[in-house]
Amino acid sequence: MAEQVLAADGTPLKASLNRALRRQKMRALLLIAPLLLFIMLTFIIPIGQMLFRSVENQIVGDTIPRTVEALDSWDHDADAVPPAPVFDALAQDLMVAVELKEHTRLGSRLNYEMSGISSLFRKSGRKVDDIGEVYTDQFVALDPAWEEPATWVGLLADPKWIAAREAWDGTGDEPAFIMSRAAKTVLPQTASIYADFARVIQTEDNDSPAEEEPWHVVYLALYNDLTANPSLEVTGPLSGLVSSAATAVPSFETEDVVATFEGFDDDWKNPEVWETIYTYSPAYTNGYFLNSVDLQKTNEGVAWQPENEQIYLTLFWRTMLMSMTITISCILLGYPVAWMLANLPARKANMLMILVLLPFWTSLLVRTSAWKVLLQNQGVINDLLVWIGFVADDNRLALINNATGTIIAMTHILLPFMILPLYSVMQTIPVTYLRAAKSLGATNWTAFWRVYFPQSVPGIGAGSILVFILSIGYYITPEIVGGTKGVFISNRIAYHISSSLNWGLAAALGAILLAIVLALYWAYDRIVGIDNVKLGG
Amino acid sequence: MPILGGTGLSEAKSDNAFVEFERVQKSYDGENLVVKDLNLSMPKGEFLTMLGPSGSGKTTCLMMLAGFETATHGSIRLDGVSINNIPPHKRGIGMVFQNYALFPHMTVAENLSFPLEVRKIGKSDREEKVMRALGMVQMQDFAGRRPAQLSGGQQQRIALARALVFEPELVLMDEPLGALDKQLRETLQFEITNLAHELGITVVYVTHDQTEALTMSDRVAVFDDGRIQQLAPPDELYEAPQNSFVAQFIGENNTLEGVVQEIKGNTCIVKLDSGDVIDAIPVNVSKVGERTKVSIRPERVEFDKSRLSPDAHTLKAEVLEFIYMGDIFRTRLRVAGTDEFIIKTRNAPDQVRLTPGSQIEIGWLAEDCRALDA
């Protein structure tokens with residue numbers, strides 16, 4: 001082994017070199033740290049969160065947990081509504097959700113998957129507090145103690161909480177309710193709903209469960225617990241009350257909760273509603289992504305959306321096609337301009353450069369609006385065409401509110417992004433190459449095509465990537481001049497972000513768009529080579 | 001008409017010029033003439049160099065010949081045919097550019113093949129010609145490389161081969177060796193001249209390097225101010241400059257200013273501004289009283305009286321500086337009011353080494369001292 005080389009101070013040379021380099025690297029990192037932090041906070045994290053929404057679906061499981069659990073045992077292929085326990089669970093969940101004002105949010109979420117669910121939840125939410133009243137009345141008739149909040153607290157609260165509440169001096173918030181462990185095992189359903197009741201009372205109403213009579217659904221839960229387990233054993237002072245109730249319960253008049261819900265709205269009889277709830281009950285879903293490509297989840301698995309609801313694939317395809325058209329138009333229009341810029345004498349080139357850059361200094365909105373004026377049916381361009389007799393007055397060209405309008409306006413707007421990289425590449429191609437080619441016998445065209453053009457390809461590549469990627473995500477211009485036939489996928493994303501509020505679908509569409517851009521970039525790198533892209537130099 | 005290995009200088013008819021400029025003028029802006037009334041005629045097979053300072057019009061002349069610039073006035077003829085209106089690609093003139101202009105996206109072989117392809121020459125023929133041209137510049141092994149993978153000298157060889165591969169009769173070279181270091185430049189100078197003479201091609205070579213011009217050319221055209229100041233073989237140019245610009249531009253030169261005092265046949269007497277009187281041959285002076293610049297080459301100055309004719313005029317000189325340059329000694333003198341008078345002496349065993357501060361007398365043969373325009 002070779003002898004270790006030592007630095008002047010006796011440390012190994014490698015170590016001291018590393019130390020010196022590390023300091024340099026740290027300094028470099030510190031220099032970019034503010035930007036990195038800024039981008040992280042304002043760009044990467046929000047985008048990451050937004051993209052996460054495309055698969056996130058916790059709202060269903062969080063809002064109606066009992067229903068989701070009860071639905072697990074439902075044979076969802078049977079094409080029938082779920083059994084009564086599911087409706088009992090839904091009644092309890094909905095009660096909690098109504099109190100927390102979350103049922104409408106869930107309704108909107110599920111409405112994306114099946115229209116009508118939103119109103120179904122809203123309507124049912126208004127009446128759900130009556131469910132279980134039959135049981136309340138019978139329990140109270142059996143013993144008025146069931147009406148007393150203290151009875152419930154004594155039955156279900158953990159002694160620790162009772163002690164804590166007595167020690168509480170009345171200022172600030174009451175100690176959070178703690179469910180006794182015994183109650184959880186003996187009266188599971190009751191304990192579960194009462195815990196939610198206590199939480200809602202404490203957090204939403206700023207009241208105490210020790211002073212509020214429980215909801216009717218709590219009595220429903222108690223009835224269910226007692227029917228399910230008639231021989232339950234409760235210790236303590238309330239054991240007599242519970243055991244007498246347990247004895248009386250079999251003779252209680254019952255309430256058909258299924259019928260009650262069907263009374264709220266006929267749609268509860270529709271197995272498809274339950275199918276939808278069941279399908280979208282997991283915490284994560286690929287449903288948004290399926291929707292983004294005109295697919296949907298059904299009983300039988302993934303299937304196409306109905307023909308009249310398929311729009312996204314068309315939109316993606318149109319976005320691609322139009323972006324491609326815009327890119328090609330930009331190449332065709334920009335190449336000669338870039339050539340002139342690169343080959344004119346400096347003074348004229350600067351003048352021309354200012355003309356190229358002028359649009360950059362004008363607001364995008366102004367430019368797009370200008371196109372609206374120019375392109376419309378009674379606009380300047382049509383007037384001109386009619387005046388020179390190119391089109392008949394009663395047969396004016398439709399140049400706006402369609403794909404043509406979008407392509408014209410966006411080509412104009414994105415043209416500088418093609419010209420500038422082209423120009424900076426062309427600037428580095430000396431005129432002597434053309435002269436050399438001509439001196440070797442090439443005609444002007446051959447000299448251009450065989451010698452000049454291949455050297456300008458990196459500029460075309462850079463410009464095309466720039467223009468294509470910019471246009472694929474363009475929003476304002478298609479929105480203003482595109483009408484319905486000329487809008488891009490980004491307009492649909494914007495619609496879901498700001499109008500339909502279906503952020504999950506918007507995120508999925510955005511994620512797909514991002515994936516397409518990255519895939520194209522990758523393909524470009526494989527075919528042309530990203531090293532061949534020059535923005536100058 | 002293929003001429004590779006064909007005709008040589010001897011076959012050129014002097015009365016039948018191959019390249020001709022007749023009263024050619026060129027202006028870019030309509031106000032100033034860059035080339036003023038250029039007349040030039042070259043026989044086939046000649047190696048002619050256009051030499052001059054930058055802005056003297058030499059490159060413009062070359063570009064007009066190549067077809068990249070049009071003459072504002074006058075006519076340019078190639079082999080008796082006016083080419084004023086023939087586009088560059090139809091002129092069939094090979095050209096080597098200062099920065100090589102090898103196409104960077106093509107290999108060496110593709111670069112050489114390009115002029116053959118545009119001439120629609122068959123593939124096998126092309127390959128053969130390419131390899132032959134590469135052979136001429138000893139670059140056969142580099143056919144598959146890209147220009148960027150070659151050194152400057154190699155690139156220049158390829159550029160040369162490319163200009164020759166389609167067998168043009170006339171090859172133009174625009175300062176082709178300007179970007180190379182001295183040693184490589186000298187090697188390539190030698191190679192280019194040899195190749196040109198071997199192939200019998202006519203070459204117009206533009207440079208601002210006078211050594212290059214003198215060593216390579218059959219004739220040199222010295223350009224200044226848009227005109228050819230002198231067109232002559234290198235030795236004549238050096239030894240018999242026709243005017244003071246040429247005298248100063250070519251080689252090292254001592255200039256003394258004065259007035260013609262007397263002209264007798266082939267010699268004249270010039271009275272310098274310092275009052276001294278010297279002998280010279282009148283070149284650009286015609287009458288007594290005319291102002292003149294006399295030019296004497298440093299190596300023709302004698303300070304050993306025994307080597308001068310007894311009646312020669314001499315000047316007093318003071319040695320200011322003695323520089324040892326290996327093969328020669330360069331001594332700076334104060335003569336007739338100027339401190340920049342240089343003499344060069346060969347480093348021979350018996351050569352006197354002048355010491356600074358010493359007073360000497362210098363003189364020269366009258367025919368070495370030329371009285372030129374002022």
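Checking each residue in the stretch B:332-348 for being out of contact with any Leu (no Cβ under 7 Å at 6 or more places or on another chain) and under 14 Å from B:Phe322 (Cβ atoms) picks out B:Ile342, B:Lys344, B:Thr345, B:Asn347.
Check whether at least one residue in the stretch B:84-105 is in the same structural domain as B:Met139 (by TED's automatic domain parsing) and under 16 Å from B:Lys26 (Cα atoms), and report yes or no. Yes, the conditions are met somewhere in the stretch B:84-105. Inspection of the stretch B:45-67 finds a residue satisfying the criterion of being away from chain A (no Cβ under 14 Å), charged (D, E, K, R), more than 14 Å from B:Glu20 (Cα to Cα) and touching a residue at least 12 places away in the same chain (Cβ under 8 Å). Considering the stretch A:167-182, the residues that are modelled with pLDDT of 85 or more and part of a helix (DSSP H, G or I) include one that is nearest to A:Asp225 (Cα to Cα), namely A:Arg181. Among the residues of this structure, A:Val86 does not count as one that is closer than 20 Å to A:Asp207 by Cα, surrounded by 21 or more Cβ atoms within 10 Å (Cβ to Cβ) and in contact with a helix residue (DSSP H, G or I) (Cβ under 7 Å, 6 or more places away or on another chain).
Here's a check for you: in the stretch B:80-92, which residue that is surrounded by fewer than 16 Cβ atoms within 10 Å (Cβ to Cβ) and in a loop (DSSP other than H, G, I, E, B) is farthest from the other protein chains (Cβ to nearest Cβ)? So the residue we want is B:Gly80.
One line per residue, one yes/no per condition, for (1) out of contact with any helix residue (DSSP H, G or I) (no Cβ under 6 Å at 6 or more places or on another chain); (2) modelled with pLDDT of 85 or more; (3) not basic (Lys, Arg):
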{"residue": "A:Leu100", "(1), (2), (3)": "yes, yes, yes"}
{"residue": "A:Glu147", "(1), (2), (3)": "no, yes, yes"}
{"residue": "A:Ala150", "(1), (2), (3)": "yes, yes, yes"}
{"residue": "A:Ala157", "(1), (2), (3)": "yes, yes, yes"}
{"residue": "A:Arg165", "(1), (2), (3)": "yes, yes, no"}
{"residue": "A:Pro188", "(1), (2), (3)": "yes, yes, yes"}
{"residue": "A:Ile201", "(1), (2), (3)": "no, yes, yes"}
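Quick check, is A:Val373 in contact with a helix residue (DSSP H, G or I) (Cβ under 6 Å, 6 or more places away or on another chain) and assigned to a helix (DSSP H, G or I)? Taking the combined requirement at face value, the residue does not satisfy it. Every condition in (1) among the aromatic types (Phe, Trp, Tyr); (2) surrounded by fewer than 21 Cβ atoms within 10 Å (Cβ to Cβ); (3) away from chain B (no Cβ under 14 Å) holds for A:Trp449 except the one numbered (3).
Within the stretch A:474-513, the set of residues being touching a Leu at 6+ places or on another chain (Cβ under 9 Å), within 16 Å of A:His412 (Cα to Cα) and not hydrophobic (A, V, I, L, M, F, W, C) comprises A:Tyr474, A:Thr477. Out of the stretch A:200-223, which residues are among the acidic types (Asp, Glu) and either in contact with a Cys (Cβ under 9 Å, 6 or more places away or on another chain) or part of a helix (DSSP H, G or I) (or both)? Residue satisfying the conditions is A:Glu211 alone. Evaluating B:Ala109 against the criteria (1) of a type in the set (A, V, I, L, M); (2) under 22 Å from B:Ile201 (Cα atoms); (3) more than 8 Å from chain A (Cβ to nearest Cβ) leaves one unmet condition, (2).
For the stretch B:177-210, filtering for residues that are within 14 Å of chain A (Cβ to nearest Cβ) and modelled with pLDDT under 90 leaves 2. Of all residues in the stretch A:40-74, those that are surrounded by fewer than 18 Cβ atoms within 10 Å (Cβ to Cβ) and in a helix (DSSP H, G or I) total 19.
Among the conditions (1) within 9 Å of chain A (Cβ to nearest Cβ); (2) modelled with pLDDT of 90 or more; (3) closer than 25 Å to B:Ala221 by Cβ, B:Pro115 misses just one, which is (3). Filtering A:Arg126, A:Arg109 for residues that are buried (at least 16 other Cβ atoms within 10 Å of the Cβ) and either within 25 Å of A:Gln189 (Cβ to Cβ) or assigned by TED's automatic domain parsing to the domain that holds A:Asp266 (or both) leaves a single hit, A:Arg109. The residue list B:Glu127, B:Glu117, B:Glu69 contains one member that is of a type in the set (Asp, Glu) and in a loop (DSSP other than H, G, I, E, B), which is B:Glu69.
Here is a yes/no grid of residues against (1) at pLDDT below 90; (2) crowded, with 23+ Cβ neighbours inside 10 Å; (3) more than 14 Å from every other protein chain (Cβ to nearest Cβ):
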position	(1), (2), (3)
A:Ala392	yes, no, yes
A:Thr406	no, yes, yes
A:Phe453	no, no, no
A:Ala462	yes, yes, yes
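Scanning the stretch B:93-103 for residues that are in a loop (DSSP other than H, G, I, E, B) and at the interface with chain A (Cβ under 7 Å from one of its Cβ atoms), we see that the one that is surrounded by the most Cβ atoms within 10 Å (Cβ to Cβ) is B:Ala101. Filtered by the rule that a residue be free of Cβ contacts under 8 Å to residues at least 60 places away in the same chain and among the hydroxyl-bearing types (Ser, Thr, Tyr), the stretch B:187-222 gives B:Thr187, B:Thr211, B:Thr215.
Only one residue in B:Arg157, B:Arg126 is crowded, with 16+ Cβ neighbours inside 10 Å, away from chain A (no Cβ under 14 Å), free of Cβ contacts under 8 Å to residues at least 40 places away in the same chain and among the basic types (Lys, Arg), so which one is that? Being crowded, with 16+ Cβ neighbours inside 10 Å, away from chain A (no Cβ under 14 Å), free of Cβ contacts under 8 Å to residues at least 40 places away in the same chain and among the basic types (Lys, Arg) holds for just one of B:Arg157, B:Arg126, which is B:Arg157.
For the stretch B:13-30, residues that are within 22 Å of B:Met64 (Cβ to Cβ), modelled with pLDDT under 90 and within 21 Å of the chain's Cα centre (by Cα) total 1.
If the condition is being under 44 Å from the mean Cα position of the chain (by Cα) and either at the interface with chain B (Cβ under 10 Å from one of its Cβ atoms) or surrounded by fewer than 23 Cβ atoms within 10 Å (Cβ to Cβ) (or both), then the stretch A:418-446 contributes A:Ser424, A:Met426. In the stretch B:178-235, counting only strands (runs of 3 or more DSSP E) that sit wholly within it, the ones holding 1 or more residues that are surrounded by fewer than 23 Cβ atoms within 10 Å (Cβ to Cβ) and in the same structural domain as B:Gln25 (by TED's automatic domain parsing) span B:219-224, B:227-232. Of the candidates A:Asp383, A:Asp294, the single residue that is without any contact (Cβ under 8 Å) to a residue 40 or more places away in the chain, surrounded by fewer than 19 Cβ atoms within 10 Å (Cβ to Cβ), among the charged types (D, E, K, R) and under 22 Å from A:Val487 (Cα atoms) is A:Asp294.
The values are calculated or read from the model by the stated rules, or taken from the named source; none is laboratory data. No experiment lies behind these values; they were computed from the predicted model shown. Neighbour counts run over all protein chains shown; Cβ positions are idealised from the backbone, glycine included.
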